[in-house]
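Okay, here's the structure, questions in a sec.
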Amino acid sequence: MSKKPLLTIFTPTFNRAQELKRVYASLIVQTSNNFVWNILDDGSEDETEMMVEAWRDQNIISISYEKQQNQGKTKSMNKGIKASKTALWMCLDSDDWLHEEAVKVIERYDKKMVDQPNACGMIGLRRLPSGQQMQNKKIPESYDMINYHHLRYELGIEPEYLEVYKTNIIKNFLYPEIAGETYFPLSYMHDRLSKEYDFLVVREPLMFIEYQNEGMTKKRNQLIINNPIGYMLFKKQLLELAPTNKVALVSAIAYNSAAILAKRRDPVNTIKGKMLAGIVYPISLIDYVLRFKLKQNLHLEKTYK
């Protein structure tokens, strides 16, 4: 009987056949094959399916493939997480690729996590093709373990991370699924995890990225307009869990304006959050008009730092 792999590498993809070739090229040269590559095709209309079938026929690495009608990234991630049978799970987007030693390094850090019951996984910074760390920042050497909220909101290192999760933990932290919406902010899961868990810090260069012009980060405001309920729920939760007063203030403004946009207002569950949302409501009205009527990008999230 063959040994179950340690890691699921999950790739959600939509019309990215050319980019997937680079992902595949990085996986077939891994110095450890202790993984399965799970591709969830979110309704591609290009040659993705035919290309993946050819790779499966080559039988160089273990590949599972499924095609579905377009659901969006977080619904796809939920599906991939629930289906995973490995101890570790990571998302490798179609515009990312791995260093050839990545899986071997993950195996080594997995052994370190045995003595870290409060670790939900491992985290590091993605790299540009040149090898430079994203944002040209580093996680300070003094941290072997780190909390997501501390990393993002107090150290000011924005989400350009590689994360590898303990599958049995993240199965309890799935994204809400909103009917008719296909986008939900990815940080929602991290914010919830931060209440209970930390990450083991990985310093080796494991993952590289080259953003595509049509990627979701380039369309953020329109994504919010098209998916307002998910954005409202994200800001509501961040208002409740905010690690700093500044994050709470910005989240309250955005929560109100998102609730106006969504025509739905899920109540905030903390006294401080409720009070703050009421105080900043006039500012939220201005934010709503500027961002969602006049289409001015205010970069509210940038004010966290």
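The values are calculated or read from the model by the stated rules, or taken from the named source; none is laboratory data. None of the values given here were measured: they were computed from a predicted structure. Positions of Cβ are backbone-derived with ideal geometry, glycine not excepted, and every protein chain shown enters the neighbour counts. All accessible areas refer to the heavy atoms of the entire protein, side chains included, with ligands and DNA or RNA removed. Shrake-Rupley method; radii C 1.70, N 1.55, O 1.52, S 1.80 Å.
Go through the residues of the stretch 47-56 one by one and say whether even a single one is of a type in the set (Ser, Thr, Tyr), surrounded by 14 or more Cβ atoms within 10 Å (Cβ to Cβ) and part of a loop (DSSP other than H, G, I, E, B).
Going residue by residue through the stretch 47-56, those that are of a type in the set (Ser, Thr, Tyr) are 48.
Right, trim to surrounded by 14 or more Cβ atoms within 10 Å (Cβ to Cβ) and you get 48.
Restricting the remaining residues to those that are part of a loop (DSSP other than H, G, I, E, B) gives none.
Looking through the stretch 47-56, none of the residues is of a type in the set (Ser, Thr, Tyr), surrounded by 14 or more Cβ atoms within 10 Å (Cβ to Cβ) and part of a loop (DSSP other than H, G, I, E, B).
Scan (1) at pLDDT below 95; (2) outside any helix (DSSP H, G or I); (3) charged (D, E, K, R); (4) over 18 Å from the mean Cα position of the chain (by Cα) for the single condition Lys85 breaks and write down its number.
Going through the list (1) at pLDDT below 95; (2) outside any helix (DSSP H, G or I); (3) charged (D, E, K, R); (4) over 18 Å from the mean Cα position of the chain (by Cα), Lys85 breaks only (1).
Then there's this: Within the stretch 140-160, identify whether any single residue is on the phi > 0 side of the Ramachandran plot and free of Cβ contacts under 8 Å to residues at least 12 places away in the same chain, and answer yes or no. Reasoning before the result, please.
Initial filter on the stretch 140-160 (on the phi > 0 side of the Ramachandran plot): 156.
Next, from what is left, pick out any that are free of Cβ contacts under 8 Å to residues at least 12 places away in the same chain: none.
So far as the stretch 140-160 goes, no, none of its residues is on the phi > 0 side of the Ramachandran plot and free of Cβ contacts under 8 Å to residues at least 12 places away in the same chain.
Let me ask another. Name every residue in the stretch 81-110 that is of a type in the set (Phe, Trp, Tyr) and open to solvent by less than 20 Å² (accessible area, probe 1.4 Å), in order of residue number.
Taking the stretch 81-110 first, the residues of a type in the set (Phe, Trp, Tyr) are 89, 97, 109.
If the condition is that a residue be of a type in the set (Phe, Trp, Tyr) and open to solvent by less than 20 Å² (accessible area, probe 1.4 Å), then Trp89, Tyr109 are the ones that fit.
For Asn256, state whether it is out of contact with any strand residue (DSSP E or B) (no Cβ under 8 Å at 6 or more places or on another chain), within 30 Å of Leu92 (Cβ to Cβ) and either open to solvent by less than 10 Å² (accessible area, probe 1.4 Å) or touching a residue at least 24 places away in the same chain (Cβ under 8 Å) (or both).
Values: out of contact with any strand residue (DSSP E or B) (no Cβ under 8 Å at 6 or more places or on another chain): yes; within 30 Å of Leu92 (Cβ to Cβ): no; either open to solvent by less than 10 Å² (accessible area, probe 1.4 Å) or touching a residue at least 24 places away in the same chain (Cβ under 8 Å) (or both): yes.
Here the answer is no, as Asn256 does not meet what is asked.
Tell me, please, whether a residue that is free of Cβ contacts under 8 Å to residues at least 12 places away in the same chain and open to solvent by less than 60 Å² (accessible area, probe 1.4 Å) can be found in the stretch 12-22. Walk me through it before giving the result.
Of the residues in the stretch 12-22, the ones free of Cβ contacts under 8 Å to residues at least 12 places away in the same chain are 18.
Next cut, open to solvent by less than 60 Å² (accessible area, probe 1.4 Å) only: none.
Within the stretch 12-22, none of the residues are free of Cβ contacts under 8 Å to residues at least 12 places away in the same chain and open to solvent by less than 60 Å² (accessible area, probe 1.4 Å).
Among the listed residues Asn38, Asn33, which satisfies the condition of being in contact with a Ser or Thr (Cβ under 8 Å, 6 or more places away or on another chain), polar (S, T, N, Q) and surrounded by fewer than 18 Cβ atoms within 10 Å (Cβ to Cβ)? Before you say what the answer is, go through the steps one by one.
Working: Asn38 fails: surrounded by fewer than 18 Cβ atoms within 10 Å (Cβ to Cβ).
The conditions single out Asn33.
Oh, and also: With a cut-off of at least 3 residues that are under 24 Å from the mean Cα position of the chain (by Cα) and modelled with pLDDT of 95 or more, name the helices (runs of 4 or more DSSP H) lying wholly within the stretch 238-289. So that I can check it myself, show each step before the final result.
Values: elements: 245-262, 271-279, 281-288.
Correct list: 245-262.
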